[in-house]
Every structure is written in structure tokens, then in C-alpha cells.
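Peer 1: This is the structure I want to talk about, given as C-alpha cells.
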Amino acid sequence: MAVPSPVPAENPLTGARRIVVKVGSALLVDPGSGSLERAWLETLVEDLVRLRRRGQEVLLVSSGAIALGRRQLGLARGALRLEESQAAAAVGQIGLAHAYKELLGAHEITVAQVLLTLEDSERRRRYLNARETLNELLALGVLPVINENDTVATAEIRYGDNDRLAARVAQMAGADCLVLLSDVEGLFTADPNRHTSARFIARVEEVTSEIEAMAGGSASAVGSGGMTTKIAAARIAVAAGCHMCIAAGHHPHPVRRIEEGARCTWFVPHATPVAARKQWIAGTLRPTGALTVDDGALRALLAGKSLLPAGVVRAAGHFERGDTVSVLALSGAEIARGIVAYSDGDTARIMGRRSVEIAGILGFRGRDEMIHRDDLVILRGERSDASVELAP
Ligand code: GLU
């Protein structure tokens, strides 16, 4: 349902714990000269620093590699072939990373470059690794600057647009706010350049087909995303319990402006990121594996603790690290589901053992927990006394 109200009552940006900001190529790169909009970028960086000083964690998803690189390589205007884009990205990404290092470094902030492909967020094992890396970087006080790994991404595994990449990053990082800075102010009921009757939409409670129809197919000249990819991003973000905002980014201090009440479109989730994640885990149709736990571990799980290898007495089925598995009581009743940190083979070797022994047994130091409590959901009601059938 779209409510054309002027400004949301409370700005989600102010209260967010972890924020992903995405900047598009059209903002970063001057279309005439093909060079970086440095003065503008300085004001964006000041905004990010301001969020961090308030104790908020920040991840930046930045486009611009292809737009910067193509100019340096003298590649003509118009559509590039895939190989040309990849070559341009390889060249442009260095300039981009350098600029962020310099500008954030001036505020004594360490920058990390993280290049992701669609596979990193779609395939669960790599997803888990990428998620842990992002968490670790944030825990170390680093500001991750993320882009698509355009150089290796083939046509099939490309995002192609950083709007959806940013939404996947928000989902992966359990962010509670995603800001898409773009060359448009937000969502209108129709194209405002063509229809004088077009109304601005300040708040979207649900991404309906009506909302999707409003997005049309508009695309800007420099970046690859249009409103359609932003709506696709909104679907991913709100399903992950993350607020998302589309805002005009070409003014100085584009993030601060949003807090100061600049017009923008907010997409509102119905759950917190943790609740959304747990819903997703609980909703896994048929887990491919099951872990049977002893009574001590069962009590610990019900008390909100993680599942340790020591409490596992049996492992069944086939699963990889990152898969969702069932957790069974000794009676065979399914009591929980969670994302497992080890494959079936590794589980067979470490179950019943203490976490300090893991490295000695497996030859690498994995997680202490078999299933971390953030990745675990206790099933209440209908499923808890039924025995489970695993997917083949
Ligand atoms: N990853 C591309 C780049 O950095 C941009 C994709 C987009 O603009 O959405 O050039």
C-alpha cells in the first residue's frame, strides 16, 4: 500500500545500528570529463564519518569502476561489450579504491575493498564466508567499500547493477537500513517528466505489483540501474527486515540531507533483521540434514544458547557448511532449525568433542559453534513433536 505522506514520522536512518549506503556511478563520475566528483565525494565521506561517530556501523557499496575506467582506456561512448566493461572495471576500481582510502584515511578510518559476485550471496557457503568477513571488518572498526567483482563476473553470474548488490549486502550483513543514493528523488506514481499529475510516494509499506508498475523501466545514462532495479532491491531489503530509502544524491552531504527531512521514498519492513532471518530459516521447506542432540544440549538450546559439537550425538543426511539443518531431540522430535557451520563429513568427525579440539581434528580452525544461536530458531507448536523427513 502506498501512502503519499510528506515525511515519515521517525527517520529510520537515525535509529539504525548498521547502515549500508549505495552510491551510483551517475553521482560519482562527471559525465563530461569522466573523472571522479571529488568535492561531492568529500561531503559524502563526511556524512559517513558522522554516522560512525554516533556509533552506527557503515558499509558503502560504490559503483563507478566501469564509468571511471572506460574514460581512462579511451573506450568510446555507448554500450560496452562485456569484456570491455570488465577491462574498464579492472582499471577503474583501482582509482575508486584509492580515492576512498585517501578520503576516509583523512578521518583516520581504515578502508577495506570487498568485491563480490552474485554467487557470493546466492550460494550459501560462500555467503556465510562473505558475511563473516563483513562482520569481522566492522568489528575491527573498518569501513568496507563494496563493489561487484566485475572483472570475473560472467554474464550469467553478474548482478549488473549495484542496487540489488547493495540489498544483498544489507541482507548478508543484517543491516537495518539501506540508503540508495541516486539521480532521482524517489518513487512517483508515474514519470514526473511526462505526467504533471504524478505524485511522490514517501512511504511504501508493501512492494505490490502496483508499485512495480510505477517503477517502469527508467534508466539513467551513466549507471546501469533504473527504478526497476531499485524496487527489486527494496523487495530483498524489506524481506530481510531492513528499511530502504531511495534519495537524490547529487547534493552535497546527501545522507545528512535525508535526516534533515529531504524528500525521499522509504520502504518499510515488517520485522527486524534477526526476526526476518529466523523466519527464513524456519521456513526452509525440507532441510537436507539433521543433528540429534543430547538432553544437556537441548536444555541449552531452549535457554537461548548456541549448539556446540559436544552436544551432537548423531548426524544424518547430506549438508554443506551454510545449509539449513534440523535439530532433533533424542526422541526424534524436531525442536529447532539452524544454519550449520560444518559439512556432514566434518560434523561426523567433531561431534561429541569439545570446541577446543576442532582445529586438531580437522586441521583448520572453524567456528566454535556447530550452529550459532543467531542462526538458530526454536520451532514451537506444530512441528515440535513430529519427526522429520529429510530431502533426498
Ligand atoms: N559495478 C559497476 C561499476 O562499478 C556499476 C554497476 C551499477 O552502476 O549499478 O562500475
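Peer 1: Tell me which residues, restricted to region 131-154, are in contact with a helix residue (DSSP H, G or I) (Cβ under 9 Å, 6 or more places away or on another chain) and away from the ligand (no atom under 16 Å from the Cβ).
Peer 2: Initial filter on region 131-154 (in contact with a helix residue (DSSP H, G or I) (Cβ under 9 Å, 6 or more places away or on another chain)): 131, 134, 141-154.
Passing the criteria: ARG131, LEU134, GLY141, VAL142, LEU143.
Peer 1: Restricting to region 96-122, count the residues that are touching a residue at least 40 places away in the same chain (Cβ under 8 Å) and crowded, with 16+ Cβ neighbours inside 10 Å.
Peer 2: Adding up the residues that qualify gives 11.
Peer 1: Is it the case that ALA166 is closer than 24 Å to VAL268 by Cβ, of a type outside the set (D, E, K, R) and in a helix (DSSP H, G or I)? Before you say what the answer is, go through the steps one by one.
Peer 2: Values: closer than 24 Å to VAL268 by Cβ: yes; of a type outside the set (D, E, K, R): yes; in a helix (DSSP H, G or I): yes.
Against the criterion (closer than 24 Å to VAL268 by Cβ, of a type outside the set (D, E, K, R) and in a helix (DSSP H, G or I)), ALA166 qualifies.
Peer 1: What single numbered condition from (1) touching an Asp or Glu at 6+ places or on another chain (Cβ under 9 Å); (2) among the small types (Gly, Ala, Ser); (3) closer than 30 Å to ASP374 by Cα; (4) within 16 Å of the ligand (Cβ to nearest atom) fails to hold for ALA167?
Peer 2: Going through (1) touching an Asp or Glu at 6+ places or on another chain (Cβ under 9 Å); (2) among the small types (Gly, Ala, Ser); (3) closer than 30 Å to ASP374 by Cα; (4) within 16 Å of the ligand (Cβ to nearest atom) one by one, ALA167 breaks only (1).
Peer 1: Applying the selection to region 170-185, what residues are of a type in the set (A, V, I, L, M), out of contact with any helix residue (DSSP H, G or I) (no Cβ under 6 Å at 6 or more places or on another chain) and either away from the ligand (no atom under 16 Å from the Cβ) or more than 16 Å from ARG18 (Cα to Cα) (or both)?
Peer 2: Across region 170-185, the qualifying residues are ALA175, VAL184.
Peer 1: From the list GLU132, GLU102, which residue is at pLDDT 95 or above and under 24 Å from ILE19 (Cα atoms)? Steps first, answer last, please.
Peer 2: Details: GLU132 fails: at pLDDT 95 or above.
The match here is GLU102.
Peer 1: Given the options ARG337, ARG321, ARG299, name the one that is over 23 Å from the mean Cα position of the chain (by Cα) and of a type in the set (D, E, K, R). Before you say what the answer is, go through the steps one by one.
Peer 2: On the way: ARG337 fails: over 23 Å from the mean Cα position of the chain (by Cα); ARG321 fails: over 23 Å from the mean Cα position of the chain (by Cα).
Only one candidate passes the filter, namely ARG299.
Peer 1: Here's something else I'd like to know. Here are some residues: ALA276, ALA271. Which one is modelled with pLDDT under 95, under 20 Å from the mean Cα position of the chain (by Cα) and in a loop (DSSP other than H, G, I, E, B)? I'd like the intermediate steps shown before the answer.
Peer 2: On the way: ALA276 fails: in a loop (DSSP other than H, G, I, E, B).
The match here is ALA271.
Peer 1: Turning to a different aspect of this structure: Test ALA67 against the criterion of being over 18 Å from VAL255 (Cα atoms), modelled with pLDDT under 90 and touching a Leu at 6+ places or on another chain (Cβ under 9 Å), and give yes or no.
Peer 2: On the way: over 18 Å from VAL255 (Cα atoms): yes; modelled with pLDDT under 90: no; touching a Leu at 6+ places or on another chain (Cβ under 9 Å): yes.
So ALA67 fails the test.
Peer 1: A follow-up question, please. Looking for whichever is over 19 Å from VAL207 (Cα atoms), touching a residue at least 12 places away in the same chain (Cβ under 8 Å) and among the small types (Gly, Ala, Ser) here; the options are ALA276, ALA271, ALA282, ALA300. Which one fits? Step through it out loud before you land on a result.
Peer 2: Details: ALA276 fails: over 19 Å from VAL207 (Cα atoms); ALA271 fails: over 19 Å from VAL207 (Cα atoms); ALA300 fails: touching a residue at least 12 places away in the same chain (Cβ under 8 Å).
After applying the criteria, what remains is ALA282.
Peer 1: Moving to a separate point now. Give the residues of region 275-304 that are charged (D, E, K, R) and surrounded by 15 or more Cβ atoms within 10 Å (Cβ to Cβ), sorted by residue number. Even if it seems obvious, please write down each step before you answer.
Peer 2: Of the residues in region 275-304, the ones charged (D, E, K, R) are 277-278, 286, 294-295, 299.
Selection gives ARG277, LYS278, ASP294.
The values are calculated or read from the model by the stated rules, or taken from the named source; none is laboratory data. Bear in mind that the values here come from a model prediction, so they are computed numbers and not experimental data. Counting neighbours? That spans all protein chains shown, and the Cβs are built from the backbone with ideal geometry, glycine included.
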